[in-house]
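**Student:** This is the structure I want to talk about, given as structure tokens.
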Amino acid sequence: MRLAIFLLAAGALFGAVDGVVTNGTTGKPQANAVVSLLQPGQGGMQTLATVKSDAGGKFKIDKDYPPGPALIQAIYGGATYNTVITPGTPASGVQIKVYESTKDPSIGRAGQHMILLEPGTENVRVSETFMFENKTNTTFNDPAKGSARFYLPKNAQGKPQVTISSPGGMPITREAGKTSQPNVFKIDYPIRPGETRFDISYTLPAGSSFENKLADPEMGTFLVTPPSVTLTGDGIDSLGEEPQTHAHTYRARAASYEVKLEGTGSLRAPENAAQQEEDNGSPKIEIASARIYDRLPWILVLTFAILGVGGVMLYRKGAA
């Protein structure tokens, strides 16, 4: 009896995967899309099998896979589209949507560019965020020019770290590539319909000023500092204090600028905050709350949408 139950459970966890690939641009089934079954392992994502969708967009992967989450990945037009199969969900009738690709720069332009500056005693931590909102039914893909470009200061320490969060996908890392412009780097990653976020981080020596050159002057760029840190210099306008975190916000209005950082501080939760609690021998209740920094870009998006109007007015006033 126990053996029969085990076999039934195993049958639910192992088996073939089938479904349909649909083109979200045309609304029709998509043929010849490359569909792969992947699963996370100790060495990263492992490809278990790969097939192509037929003329009706259908695919079937006759491959047993171990228990745990699996990933169905479709490649079309140079872009990847992922669907996660979690334990207990059907592996039959999986729906994957792909899109036609375009190099139209109006689709691939970021809506907001935010730079968080956190000077400390050892270094200055710089965190840049590009927010893309593709409201079309096509994917922007331009490997030669990249989806996002950013300026890396000459005194940056080490390589910049790039993390990308795409619609319906898990955060992934990417290498930043050099361009023909000095200190300007590009990130090659398709911008699919929906919201995509690029996070770039690097450090500068302690006590450094911050210089930047806007890769896209038409895109709004905002600078953010902790409450204890202020910026001074030409090429930026102060927008006041962000109400949620009390951070100082600024808008860059010059294509090239350099600012001085006064003070030290961080918007991240202290790593040793839990250790600072008094140990009185009573049981401890641990609450896993999100870091301020993790929520910061999403808080600032709404704030900047409101403050952006004031920034434009300041810009026009300065130009006059």
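We did not get these values from a lab; they are worked out from the coordinates using the rules stated. As the structure is a prediction and not an experimental result, all values here were calculated from the model. Positions of Cβ are backbone-derived with ideal geometry, glycine not excepted, and every protein chain shown enters the neighbour counts.
**Student:** In what order do V124, V84 fall by count of nearby beta-carbon atoms within 10 Å, going from fewest to most?
**Tutor:** V84, V124
**Student:** Sticking with this structure for a sec: Please give me the summed charge of the neighbours of L223: other residues whose Cβ is under 15 Å from its Cβ, Lys and Arg +1, Asp and Glu -1.
**Tutor:** -4
**Student:** Below 21 Å, Cα to Cα, which lysines can K213 reach? Residues fewer than 8 away in the same chain don't count.
**Tutor:** Straight-distance partners of K213: K145, K154, K159, K178, K186, K260.
**Student:** If you don't mind, another one. Restricting the count to DSSP beta bridges whose residues both fall in the range 2-99, what percent are antiparallel, rounded to a multiple of 5?
**Tutor:** Here the antiparallel bridges make up roughly 85 percent for the range 2-99.
**Student:** May I ask which residue of N134, T173, A144 lies farthest towards the positive end of the charge dipole of the range 126-173, with charges of +1 (Lys, Arg) and -1 (Asp, Glu) on Cβ and the Cα centre as origin?
**Tutor:** A144
**Student:** So how far, in whole Å, is the C-alpha centre of the range 63-91 from the one of the range 164-194?
**Tutor:** Between the Cα centre of the range 63-91 and that of the range 164-194, the gap is 22 Å.
**Student:** Along the positive direction of the dipole of the range 2-99 (beta-carbon charges: Lys, Arg +1; Asp, Glu -1; about the Cα centre), which of T25, L38, P87 reaches farthest?
**Tutor:** Ranked along the dipole, the leading option is T25.
**Student:** Sticking with this structure for a sec: Lysines near K60 by alpha-carbon distance under 25 Å, same-chain residues fewer than 8 away left out - which ones?
**Tutor:** Excluding near neighbours in sequence, the set is K28, K52, K97.
**Student:** Further question on the same structure: Largest first and to the nearest Å, give the Cα extent of the range 204-264 along each principal axis.
**Tutor:** Extents along the principal axes, in whole Å: 28, 28, 17.
**Student:** With 10 angstrom as the radius, rank E175, E218, E100 by how many other C-beta atoms surround their C-beta, starting from the fewest.
**Tutor:** Lowest count first: E218, E175, E100.
**Student:** Report the semi-axes of the equivalent ellipsoid for the range 2-99 in whole Å, largest first, where each axis is √(5λ) for an eigenvalue λ of the Cα gyration tensor.
**Tutor:** So the three semi-axes of the range 2-99 are 26, 15, 10 Å.
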